1. Output the qualifying pairs, or none if there are none: Cβ atoms under 8 angstrom, residues six or more apart or on different chains, first residue in region 64-82 and over 23 Å from residue 154 (Cβ atoms), second residue surrounded by fewer than 17 Cβ atoms within 10 Å (Cβ to Cβ) and modelled with pLDDT under 95.
2. Taking interchain pairs and intrachain pairs at least six residues apart, which have beta carbon atoms under 8 angstrom, with the first residue in region 183-199 and free of Cβ contacts under 8 Å to residues at least 60 places away in the same chain and the second open to solvent by 30 Å² or more (accessible area, probe 1.4 Å)?
3. Name the residues in region 58-91 that are exposed (fewer than 15 other Cβ atoms within 10 Å of the Cβ), of a type in the set (A, V, I, L, M), farther than 23 Å from residue 30 by Cβ and modelled with pLDDT of 95 or more, would you?
4. For residues that are on the phi > 0 side of the Ramachandran plot, in a strand (DSSP E or B) and open to solvent by 20 Å² or more (accessible area, probe 1.4 Å), tally how many sit in region 155-207.
5. Could you pull out the residue among 196, 221 that is over 30 Å from residue 183 (Cβ atoms) and hydroxyl-bearing (Ser, Thr, Tyr)?
6. Whether any residue in region 133-150 is within 30 Å of residue 36 (Cβ to Cβ), without any contact (Cβ under 8 Å) to a residue 40 or more places away in the chain and assigned to a helix (DSSP H, G or I) is what I want to check.
7. Could you say whether any residue in region 230-244 is within 22 Å of residue 255 (Cβ to Cβ), surrounded by 13 or more Cβ atoms within 10 Å (Cβ to Cβ) and either of a type in the set (Ser, Thr, Tyr) or out of contact with any Leu (no Cβ under 8 Å at 6 or more places or on another chain) (or both)?
Amino acid sequence: MAVKFFGQFLVEKGVVSREILLQAIGLQESVNLSFGATSLAMGILTEADIERVHNAQRIEDLRFGDMAVKLGLLTGDQMMQVLARQKNTHLYIGEALVKVGGLQADALPKYLDYFKADQAQYITDTVTIPAGIPEPKVWEMVVDLSYKMLTRVALLVFRPEPCFVAERLPAMDIYAAMDFTGDISGSYLMGVTAATRAKIAKAILKEPNVDNEPKEVLDDTVMEFVNVVMGNIAAKAAQIGKSVEIAPPEIIDTPDGIPVPAGHKALCFPVCLSDGDRVELAVFIKE
């Protein structure tokens with residue numbers, strides 16, 4: 001058993017095909033607009049306003065609506081109107097599968113019950129750092145900010161897996177890493193597949209298609225994402241009295257995974273994406 005989305009669960013059980021799931025995800029993405037896209041459709045914000053909010057979110061830990069209010073682009077009442085529109089129009093993946101003909105409506109409750117039972121042990125709203133990791137509150141902050149940036153900057157839909165300690169990171173198509181020193185020292189690592197790298201590139205470059213972009217540009221967007229995450233972590237660390245200096249990010253090409261260096265512990269906090277892909281996230285903490 002492992003953390004997974006409802007659609008992935010149905011594919012693994014042979015209830016729907018991966019092709020049907022991707023159709024349903026496409027429909028879901030066309031309906032479930034982001035806060036910025038919803039506010040644009042409502043005529044409340046402009047594209048320039050949305051760009052301004054996104055840029056501000058790269059350096060301060062605030063949700064889109066809260067940031068828009070802080071910048072004076074929305075009133076509190078307007079933010080609530082957008083949130084209400086999102087809630088009222090939200091399309092769940094089960095409903096999307098019914099709409100694309102992959103699932104019968106009367107069978108949906110049964111499979112939802114099976115899925116909830118399968119995933120019950122993974123349902124949590126808190127980050128739990130494994131025993132033996134020093135300064136767990138600091139690493140809770142690191143994990144929490146990583147998840148927030150995946151949503152706000154990389155625009156990925158995911159479910160977090162439980163944190164754990166490992167001796168080696170698994171092989172991925174690409175790893176981006178950034179060293180940090182100070183009151184806490186080590187390395188921050190992010191491993192992704194080529195498909196997820198393309199998703200991150202679309203979000204960072206703000207382009208609908210990156211198929212013709214060279215590998216170097218795609219790699220740069222993953223490094224830029226790691227740079228944004230670590231910049232936020234350094235800023236948040238300063239607020240809790242921890243000094244952190246960060247080095248430039250780099251790409252690590254390793255077909256066999258990454259062993260944990262001597263004198264370090266690897267805190268891993270991977271996530272599962274809605275299409276079944278994974279993002280490996282970890283910090284090598286210097287002991």
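The values are calculated or read from the model by the stated rules, or taken from the named source; none is laboratory data. Here the structure is a predicted model, which means the values were calculated and not measured. Reconstructed Cβ throughout: ideal geometry from the backbone, glycine too, with neighbour counts over all protein chains shown. Accessible surface is based on the protein model in full, side chains and every heavy atom, while ligands, DNA and RNA are left aside. Shrake-Rupley method; radii C 1.70, N 1.55, O 1.52, S 1.80 Å.
1. If the second residue must be surrounded by fewer than 17 Cβ atoms within 10 Å (Cβ to Cβ) and modelled with pLDDT under 95, no pairs are left.
2. Hits for this filter: 194/173; 197/173; 198/211; 199/155.
3. Selection gives 71, 80.
4. Of region 155-207, the ones on the phi > 0 side of the Ramachandran plot are 155, 182, 186, 206.
This time we only want the ones that are in a strand (DSSP E or B), so: 182, 186.
After this cut, where a residue has to be open to solvent by 20 Å² or more (accessible area, probe 1.4 Å) as well, the list is 182.
Result for region 155-207: 1.
5. 196
6. Yes: one or more hits.
7. no
Each row is one residue, and each column tells you yes or no for (1) of a type in the set (S, T, N, Q); (2) more than 23 Å from residue 146 (Cα to Cα).
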{"site": "15", "(1), (2)": "no, yes"}
{"site": "27", "(1), (2)": "no, yes"}
{"site": "45", "(1), (2)": "no, yes"}
{"site": "53", "(1), (2)": "no, no"}
{"site": "81", "(1), (2)": "yes, yes"}
{"site": "91", "(1), (2)": "no, yes"}
{"site": "103", "(1), (2)": "no, yes"}
